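**Q** Okay, here's the structure, questions in a sec.
Rule-based calculations on the coordinates, nothing more; no lab input. Predicted, not measured: the structure shown is a model, and the values here were computed from it. Don't worry about glycine lacking a Cβ; one is built from the backbone with ideal geometry, like all the others, and counts go over all protein chains shown.
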Amino acid sequence: MGRTLLRHWPLLFLAFAAVVPTVALSNYQLFQLTMVAVYAVAILGLNIVTGFNGQISLGHGAFYAVGAYVTAIMMDKWGVPYWATLPVSALICACTGFLVGLPALRLGGLYLALTTFALAVATPQLLKYKLFEGWTGGVQGIVIDKPDPPFGLPINADQWLYLFSLAVAAVMFLLAANLVRGRIGRAMMAVRDQPTAAEAMGIDLAMFKTRTFAVSAMLTGIAGSLGAIAIQFVAPDSFAVFLSITLFVGLVVGGVASIGGTIFGAFFIEFVPNLAEQVSKAAPGAVYGIILIAFLFLMPGGLAGALRKLLRLA
Amino acid sequence: MQRRTLLSTIGLSTLGAMAGLGRPGAADAATPGVSATEIKIGNTEAYSGPASAYGAIGHGLVAYFKMVNDQGGVGGRKINFITVDDGYSPPRTVEQTRRLVEQDGVAFILNALGTPNNTAIEKYMNAKKVPQLFVATGADKWGDYQHYHWTMGWQPSYRIEAAVYAKDILANKPGAKIGILYQNDDFGKDYIAGMQDGLGAKFKAMVVKTASYEVTDPTIDSQIVTLQGAGADTLLVAATPKFAAQAIRKVFDINWKPLFFMTNVSSSVGAVIKPAGFDKAVGVTTVGYAKDPTDAAWANDAGMQEWRGFMAKYMPNADLSDANYVYAYGVGVTTMQVLRQCGKDFSRANIMKQAANLHDLVVPTLLPGIKINTSPTNYHPIRQMQLQKWNGKTWERFGQIVGA
Amino acid sequence: MDGLLHQVFSGLATGGIYASVALALVMIYQATHHVNFAQGEMAMFSTYIALTLIQAGVPYWWAFAITLVVSFAIGAVIQRVLMTPMANAPVLASVGIFIGLLLMFNSCAGWFFGYTLKPFPSPFGEGKPMLAGYLSRHELGSTAVTLAVLLSVWAFFRFTRLGLAMRAAAYNPASSRLVGVNVDRMLALGWGLAAAIGAIAGMMVAHVVFLEPNMMSGVLLYAFAGALLGGITSPMGAVIGGFVVGVLENLGGAYVVGAELKLSLALVIIVAVLVIKPSGLFGRTIVSRV
């Protein structure tokens, strides 16, 4: 009995996450949890490429932005329902990831970090470029409508949005977990840990890395779409370089190459900034920095790393 | 299979429970955020992130309302001013605003910072019918009383300001060849739009070149060179203080002597003119609506003495050359006038009604002759400005007070 | 033509800024094999220290020297206190620490010194620009300083035993320990030197862009790009890379794509160069052991 419970913990966790907050929490708190679900998917995407495949990306905010804009533009210009934008957004982000990854991943290491970091810095610029202004709304951005609950469900829009985001997040986590536990996941980690051996086993390194990058961009892009629906607004300023850095922080504190740690990372980046600003209005950035450093000092491998160590000791 | 049944049962009963919870209670009778002893006011500010220089406005407002409370508050109530950080990121503004409105239950949001940030919450605020008063941005859109009844600006709009420059150019230098340096965002682009408004059909012929920069650029030297190279003899700079100071210096260094217009945003003596050099800025023209804390002209001005007295008592360690504190004081004075006019009725509807019912309000930190006026069809509280030119020591006002 | 020359010279002037920060990045990379993302913010913070000293009446070059010493100490202390315990941690955790440092220095600078723009004096004096108005005295002077730093860094790594030991410590800590190199001390020294070089860069840059807490946030990426373009293992390459990025960005912005996309254009070119020549224009190819 206990074993079965343990084996199905993700399912139990999901059931708990779906029911309890929806009943017990206020709309505002639900909104926060919605953002946690969104960030969790975004960090999951980053984790695929950085955690499992060992390629440091400091620019995943760019894919988040692409996903958000695809959804916003489709909803605003063509009146596409919000849920129908997700597959399109996934496809476009995967292609973008593939194209960016093609040259970038030939570089690897520090050079990939630079390229992706540059991408993050250039994102707001590209979003407001005048040629795209007709779609993106330029610096003004796009305001979109909040989805109503379907089928006349007796819940409010915030509750629906939470359940919807949670459901999408659950599917993404399921896909990612299956991916990394399977053949492809083992190949990813082989490429990360023993590239030469992996190549000798017949893995085309560059192509494999690029595909991983595309999958990763797709996940983060879907998170962007969900984020746009939750915030109901996209603008270049929402996707400044700090977003990419925030996602990276979420990855590191959650734990590299850990699916579960990703969720903790999402909680961290959602709630710690608020905590920091309550400690000090004079220098919230400093408080955030100190919390981050202290956390990594205690748990260099993130929460997941610390738990793994604990389990090994026990 | 059994588990599935269990889950769906839980699910159904949850939905039932939520149906009961989902309905708003009957608490609507009392105004949220207003009790017998206090009025809660919310504010989002950039205490962290790229715009943290504006955090000074938030600190200034906190101090201002402390002074108000020390003086007895308003209508027998103290002000509980809750200001929170959004890091200048629109998603966080949405989150923090929802916290202020739904969790803290503020009566209204005051002076939230940033154009994209206010755009992100505008729809929400109007759907919830919570006043979004005196937003801290000069974008032109914050006077749209027809579509956004609950949202009101405060400072003069950038676009109207740019039109004032355009009219001055048409009147005094009709053959001008204009170059524009602007920040590539809503702030900078409003100046392009304003020039189009002011110059009309002549815009295409008169504006020989526009050059933009990003806030992440280290310098704007290249852009200045480009504008000079295009043959411009008149320059409009729509840049934030750092780039404005660089522009003044670069124009001087390359010995270019255009007719030089500078946005009001970067007219601070302490933060722009002094770093650039007093002598290098001679001839720069801007429009003003507020007194500059570092301008010698106001050393003995009664209004600024009042402000200095407030600063000495409530913010003794603050940088007195920072014009954001003057701005905060002005917003505070305007807000208190609204609350006093409310009498005993602090409902959100009445707060909004009184905010749209200000008549010739004189604010001690605004330029002499400039008054605040609003009405149900005028959501731009400050519409008046005056041209002023830097003479090497101080801003010298000239011409009439202009207003749109 | 005049315009073109002007763009080139103003590109060289901004390129000098990138070059000087790029040197600090090369230093830290050579010494630790990390790229410290907080390098720019630490330089900004050092510059505030210098300004505080100057405002207190300390003569410029004294303030300059004291700032170097203090910055060196800050760098060494950070290495000792924060990085030593992280020696065996995953590299991503180190990057996380750098991000934390970046936030801390940026936020503390605003808290301690305020956000209003501050002019920073130049040791080379004001006065009219030279060379037919193309370059100011400060731009010439600071370029000379950058070249002097470059020469010292190059000579340090090339000719001194300490420099060699430092490179060895970064490249292969275990073997270095075996041959008697005090690896911990080398790492601390590297952090200190990088911080000091950053401080020099900050003091030269601040006169041009004005001092405020976000002074370096835009510069770091360009410096990083310059360092990689020239080759992160080569001080000379980093400096040339910095100048190239400055000029490239100006010309692209003025004549090719317009200022809105000048950053993007510069980066696309850099990535293209790196794809063709991954170790940078002047870097040695790094062979990683398997």
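**Q** Given R₀ = 22 Å, what would the calculated FRET efficiency be for C:ALA73 paired with C:LEU164, taking r from the Cβ atoms and rounding to 0.05? Write out the running numbers ahead of the final one.
**A** Details: r = 24 Å, r/R0 = 1.10.
Efficiency at R0 = 22 Å is approximately 0.35.
**Q** Determine the calculated [θ] at 222 nm for chain C from helices alone, applying -39500 (n - 2.57) to every DSSP H run no shorter than 4 residues and normalising by the residue count; nearest 500 deg cm²/dmol. Numbers along the way, then the final one.
**A** On the way: 11 runs with 203 residues, N = 290.
Taken over chain C, the calculation gives -24000 deg cm²/dmol.
**Q** Is the protein assembly as shown rounded, prolate or oblate when judged by the Cα gyration tensor, a ≥ b ≥ c being the square roots of its eigenvalues, rounded requiring a/c under 1.5 and prolate requiring a/b larger than b/c?
**A** On the way: a/c = 1.65, a/b = 1.06, b/c = 1.56.
Judged from the Cα gyration tensor, the protein assembly as shown comes out oblate (a/c at least 1.5, b/c at or above a/b).
**Q** At 222 nm, what value in deg cm²/dmol follows for chain B if DSSP H runs of at least 4 each add -39500 (n - 2.57) and the sum is divided by all its residues, to the nearest 500? Show your work: numbers first, answer last.
**A** Numbers: 12 runs with 155 residues, N = 404.
Here the helix-only value at 222 nm equals -12000 deg cm²/dmol.
**Q** Next question, about the same structure. In terms of modelled amide H atoms, which long-range or inter-chain residues lie less than 5 Å from the amide H of B:ALA211?
**A** B:ILE180, B:LEU181, B:TYR182
**Q** Provide A:ASP204, B:ASP140 in ascending order of the number of other Cβ atoms located within 10 Å of each residue's Cβ, fewest first.
**A** On the way: A:ASP204 11, B:ASP140 22.
Result, fewest neighbours first: A:ASP204, B:ASP140.
**Q** What are the residues whose amide H is under 5 Å from the amide H of C:LEU211, where those residues sit 5 or more places off or on another chain and H is modelled from the backbone?
**A** C:LYS118, C:PHE120
**Q** Which three extents, in whole angstrom, do the alpha-carbon atoms of region A:21-175 cover along their principal axes, largest first?
**A** Computed over region A:21-175, the largest-to-smallest principal extents equal 53, 37, 24 Å.
**Q** Picking from B:THR226, B:THR365, B:THR216, which is most flexible by a Gaussian network model of chain B using Cα springs under 10 Å?
**A** Among B:THR226, B:THR365, B:THR216, the largest GNM mean-square fluctuation belongs to B:THR216.
**Q** Here's something else I'd like to know. For region B:341-404, which trypsin sites (Lys or Arg not before Pro) are both in a DSSP coil and crowded by at most 10 other Cβ atoms within 10 Å?
**A** B:LYS344
**Q** In the structure displayed, which of A:LYS130/B:LYS353; B:LYS177/B:LYS242; B:LYS141/B:LYS274; A:LYS146/C:LYS262; B:LYS167/B:LYS257 lie more than 28 Å apart, Cα to Cα?
**A** Values: A:LYS130/B:LYS353 40 Å; B:LYS177/B:LYS242 25 Å; B:LYS141/B:LYS274 32 Å; A:LYS146/C:LYS262 37 Å; B:LYS167/B:LYS257 21 Å.
Beyond 28 Å between Cα atoms: A:LYS130/B:LYS353; B:LYS141/B:LYS274; A:LYS146/C:LYS262.
**Q** Another question, then. Kindly put B:THR93, A:THR196 in sequence by how many other C-beta atoms sit within 10 Å of each C-beta, fewest to most. Mind dumping the intermediate values first?
**A** On the way: B:THR93 30, A:THR196 10.
Sorted ascending by nearby Cβ count, the order is A:THR196, B:THR93.
**Q** Give the residue from A:ALA157, A:LEU58, A:THR212 lying farthest towards the positive end of the charge dipole for region A:25-239; charges sit on Cβ (+1 for Lys and Arg, -1 for Asp and Glu) and the dipole is referred to the Cα centre.
**A** A:THR212
**Q** Between region C:1-33 and region A:135-189, how many Å separate their Cα centres?
**A** Computed from Cα coordinates, the inter-centre distance equals 43 Å.
**Q** Under the rule a/c < 1.5 gives rounded, and otherwise a/b versus b/c splits prolate from oblate, where does region B:158-288 land using the Cα gyration tensor? Could the numbers behind the result be given before it?
**A** Details: a/c = 1.40, a/b = 1.35, b/c = 1.04.
Note, shape of region B:158-288 comes out rounded.
**Q** Let me ask another. Give me a comma-separated list of calculated 3J(HN,Hα) values for region C:217-231, in order, Karplus coefficients 6.51, -1.76, 1.60 applied at θ = phi - 60°, integers in Hz, x for any Gly or Pro.
**A** Listing the rounded values in order: 4, x, 6, 4, 4, 5, 5, 4, 4, x, 4, 6, 4, x, x Hz.
**Q** How big is the dipole moment of chain B about its Cα centre under a simple scheme where the beta carbon of each Lys and Arg is +1, that of each Asp and Glu is -1, and everything else is neutral? Debye, nearest 20, please.
**A** Numbers: 40 positive and 33 negative charges, 118 e Å.
Charge dipole, chain B, about its Cα centre: 560 debye, nearest 20.
**Q** Divide by every residue of chain A the summed helix terms, -39500 (n - 2.57) for each DSSP H run of at least 4, and state the resulting mean residue ellipticity at 222 nm, rounded to the nearest 500 deg cm²/dmol. Mind showing how you got there, number by number?
**A** Details: 15 runs with 241 residues, N = 314.
When only DSSP H runs of four or more count, the value is -25500 deg cm²/dmol.
**Q** Here's a follow-up. Taking the alpha-carbon centroid of each part, what is the distance from region B:373-395 to region A:227-251 in angstrom?
**A** Answer, in whole Å: 36.
**Q** Amide H of B:ALA290: which non-local residues (sequence gap of 5 or more, or other chain) have their own amide H closer than 5 Å, using H built in the peptide plane?
**A** Amide H neighbours of B:ALA290, under 5 Å, 5+ apart: B:LEU367.
**Q** For region C:34-72 and region C:177-220, what is the centre-to-centre distance using only Cα atoms, to the nearest Å?
**A** After rounding, the separation between the Cα centres reads 10 Å.
**Q** Starting from the Cα of A:LEU91, step 7 Å toward the Cβ, then list every residue of region A:29-65 with an amide N under 16 Å from that point.
**A** Flagged as within label range: none.
**Q** Please figure out what share of the DSSP beta bridges in the protein assembly as shown is antiparallel and state it in percent, rounded to the nearest 5.
**A** 40
**Q** Also: Taking the Cα centre of region A:25-239 as origin, sum charge times position over the Cβ atoms of Lys and Arg (+1) and Asp and Glu (-1), and report the length of that vector in debye to the nearest 20. Please report the intermediate quantities before stating the final value.
**A** Working: 11 positive and 9 negative charges, 99 e Å.
The dipole of region A:25-239 has a size of about 480 debye.
**Q** Rounded if a/c is under 1.5, else prolate if a/b is larger than b/c, else oblate: which is chain A, with a ≥ b ≥ c the root eigenvalues of its Cα gyration tensor? Show your work: numbers first, answer last.
**A** On the way: a/c = 1.35, a/b = 1.10, b/c = 1.22.
In terms of gyration-tensor shape, rounded.
**Q** Continuing with the same structure: For region B:158-288, build the charge dipole from Cβ charges (+1 Lys, Arg; -1 Asp, Glu) around the Cα centre, then report which of B:PHE243, B:ILE254, B:THR219 sits farthest towards its positive end.
**A** The one lying farthest along the dipole's positive direction is B:ILE254.
**Q** Can you find, among B:PRO32, B:GLN384, B:ALA56, the residue sitting farthest towards the positive end of the charge dipole of chain B, where Lys and Arg contribute +1 and Asp and Glu -1 at Cβ?
**A** The Cα lying farthest towards the positive end belongs to B:PRO32.
**Q** Determine, for A:LEU114, B:LEU361, the number of other Cβ atoms within 10 Å of each Cβ, and report the residues in order from fewest to most. The partial results should precede the final answer.
**A** Numbers: A:LEU114 27, B:LEU361 17.
Ordered by Cβ neighbours within 10 Å, fewest first: B:LEU361, A:LEU114.
**Q** How much of the DSSP beta bridge set in chain B is antiparallel, as a percent to the nearest 5? Let's see the in-between values first.
**A** On the way: 16 of 46 bridges.
Among the beta bridges of chain B, antiparallel pairing accounts for roughly 35 percent.
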